[in-house]
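Novice: Mind looking over this structure? Questions follow.
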Amino acid sequence: MSRAAVEHYLAEYRHHPAAAPWLQARREAALAVLQQDGFPSLKHEHWKYTNIRPITRERFISSAKSNGAKGIDREQIAPFRLQELHCHELVFVNGHFCAELSKLQALPAGVVVDSLAAVLQKGNEALPARLTRLANSNKHAFAALNTAFIADGAFIHIPDHTTIKAPISLLFVAGKQSEPLIMQPRNLIVLGHQAQASVVESYVGLTQSQYLTNTVSEVSTAAGAQLAHYKLQQESRAAFHIGYCSIRQGRDSRVESHAISLGGAIARNDLDVDLAAAGAEVALNGLYLAGGRQHIDNHTLVHHRSPHTRSDEHYRGVLDEQARGVFNGKVIVHEQAQKTDAGQTNANLLLSDAAEIDTKPELEIYADDVQCRHAATVGQLDENMLFYLRARAIEAATARSLLTFAFADEVIRRLALAPLRRRLENSIVGRLPDADLIREFMP
């Protein structure tokens, strides 16, 4: 099955438009990796709980052949925009930038917020040195596939000592399709020394058709930079989502990563963080909600390579009906990374007897002067709390919903962007019984 899928994408590649020589060489190198290694199976350690055969057996067509934004207007995407924040906003439809739906405010000198396709066409000296340098195609087949088909996405460059106060919103919309599409956005985010920004990546579906989003984001923060990065995945329940984000941090930089997964038949998120210089800090917050037969898989990897680095990870999952969740979080403390402080927690709530979670937090430590801890919990709703609420004349279904919402909101309340926080809270409540009544308890 994997070999047939590889042959299909090799055939698709032959119709893909050529790129500049430096990029074309990297595309072809990635394609060679995919051709040699193929897609992972259940025999691969990092994919043993996630069966991707439903993805590899479908012959997805490159979105370069799609009709783009045809038939989509502002009203359709309005529920997914962060209008209260007056964002700098790039909108992509079926994998391609849509200028007529986008909105950019005035930007400081030297700041670049643009589609990758436009920047590639115009040329930018930062691209050859940055693009494809962090995402490891040799270890991730879907990253190799994305690299081979690089065409569009977002390019964000915040120069030294520059602060962008308004969030930058990247909205990726799957619209109407006449055939199953594969959309492969590639995002490159670069922050210079002491630069500050917030970036929101949203992946949404307007159609219930089957499609594949295969996205890669590369993030680089120089010394003293601060980035708040939000990823919200609300794909169609019939769609597939594969996401890979690689972050490399400089001295005394700080990154907050908030990853929320609500949609998709199969969703897989890989997040790799390299704390490459002393004083770098990262906070990883994640929430995954799944029902029906949804399958949501989160893999995180944090490398502490230098002294006095810090990571704090907190992921939560809520699984109902026959849904399955996977969490694998690994922290590696290298020998020279003395005075490391690393914490990792994964908590899971199972709302039915048929729901399942496979959780594996890991620590790999080669330094001797460190503070490292990890924990994982799997459980059901607290019967004592249910009894407490029932004793106050709250119906059983409402009590269960209130406790479920409170469990998930432990992650949502960490989001600094209030409009995004409210939107996610309403989205979560909308999936629960007695939604209108629960909203009365919300602040």
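The values are calculated or read from the model by the stated rules, or taken from the named source; none is laboratory data. In this text, all values refer to a predicted model and were calculated from it rather than measured experimentally. Neighbour counts run over all protein chains shown; Cβ positions are idealised from the backbone, glycine included. For accessibility, only protein heavy atoms count, side chains too; no ligands or nucleic acids. Shrake-Rupley method; radii C 1.70, N 1.55, O 1.52, S 1.80 Å.
Novice: Restrict the check to region 90-112 and report whether at least one residue is surrounded by 23 or more Cβ atoms within 10 Å (Cβ to Cβ) and more than 28 Å from Ala11 (Cα to Cα).
Specialist: yes
Novice: A further question on this structure: If you go through region 245-272, how many residues are touching a His at 6+ places or on another chain (Cβ under 6 Å) and in a strand (DSSP E or B)?
Specialist: Final tally of qualifying residues: 4.
Novice: What is the number of the single condition among (1) part of a loop (DSSP other than H, G, I, E, B); (2) within 30 Å of Thr56 (Cβ to Cβ); (3) in contact with a Ser or Thr (Cβ under 7 Å, 6 or more places away or on another chain); (4) open to solvent by less than 10 Å² (accessible area, probe 1.4 Å) that Val302 does not meet?
Specialist: That leaves (1) as the condition not met.
Novice: Search region 196-207 for residues being closer than 26 Å to Lys165 by Cα and β-branched (Val, Ile, Thr), and hand back the single one that is surrounded by the fewest Cβ atoms within 10 Å (Cβ to Cβ).
Specialist: Step by step, filter region 196-207, then rank; the result is Val204.
Novice: Take Arg400 and tell me if it is over 23 Å from the mean Cα position of the chain (by Cα), at pLDDT below 90 and crowded, with 17+ Cβ neighbours inside 10 Å.
Specialist: Spelling it out, Arg400 is indeed over 23 Å from the mean Cα position of the chain (by Cα), at pLDDT below 90 and crowded, with 17+ Cβ neighbours inside 10 Å.
Novice: Then there is this: Mind listing whichever residues of region 237-267 are closer than 24 Å to Arg305 by Cα, open to solvent by 10 Å² or more (accessible area, probe 1.4 Å) and not small (Gly, Ala, Ser)?
Specialist: Tyr244, Cys245, Arg248, Arg251, Asp252, Arg254, Glu256, listed by residue number.
Novice: Only one of Ala337, Ala376 is open to solvent by 30 Å² or more (accessible area, probe 1.4 Å), outside any helix (DSSP H, G or I) and touching a Ser or Thr at 6+ places or on another chain (Cβ under 7 Å). Can you tell me which?
Specialist: Exactly one of Ala337, Ala376 is open to solvent by 30 Å² or more (accessible area, probe 1.4 Å), outside any helix (DSSP H, G or I) and touching a Ser or Thr at 6+ places or on another chain (Cβ under 7 Å), namely Ala376.
Novice: While we're on this one: Please specify each residue of region 46-76 satisfying the condition of being within 30 Å of Asp297 (Cβ to Cβ), at pLDDT below 75 and crowded, with 18+ Cβ neighbours inside 10 Å.
Specialist: Matches in region 46-76: Ser63, Ala64, Ser66.
Novice: Just give me the residues in region 124-161 being in contact with a strand residue (DSSP E or B) (Cβ under 8 Å, 6 or more places away or on another chain) and hydroxyl-bearing (Ser, Thr, Tyr), in sequence order.
Specialist: Thr132, Thr147
Novice: Among the residues of region 403-442, what is the count of those that are among the aromatic types (Phe, Trp, Tyr) and either touching a residue at least 40 places away in the same chain (Cβ under 8 Å) or open to solvent by less than 40 Å² (accessible area, probe 1.4 Å) (or both)?
Specialist: Residues in region 403-442 being among the aromatic types (Phe, Trp, Tyr) and either touching a residue at least 40 places away in the same chain (Cβ under 8 Å) or open to solvent by less than 40 Å² (accessible area, probe 1.4 Å) (or both): 2 in total.
Novice: When you look at Gln24, is it open to solvent by 30 Å² or more (accessible area, probe 1.4 Å), farther than 29 Å from Leu301 by Cβ and of a type in the set (S, T, N, Q), yes or no?
Specialist: Judged against the criteria, Gln24 is a match.
Novice: Can I ask one more? Looking for something in contact with a Pro (Cβ under 6 Å, 6 or more places away or on another chain) and not in a loop (DSSP other than H, G, I, E, B) - is there at least one such residue anywhere in region 355-367?
Specialist: There is no residue in region 355-367 that is in contact with a Pro (Cβ under 6 Å, 6 or more places away or on another chain) and not in a loop (DSSP other than H, G, I, E, B).
Novice: Can you go through Gln234, Gln210 and tell me which one is open to solvent by 20 Å² or more (accessible area, probe 1.4 Å), of a type in the set (S, T, N, Q) and either touching a Lys or Arg at 6+ places or on another chain (Cβ under 6 Å) or farther than 22 Å from Ala347 by Cα (or both)?
Specialist: Gln210
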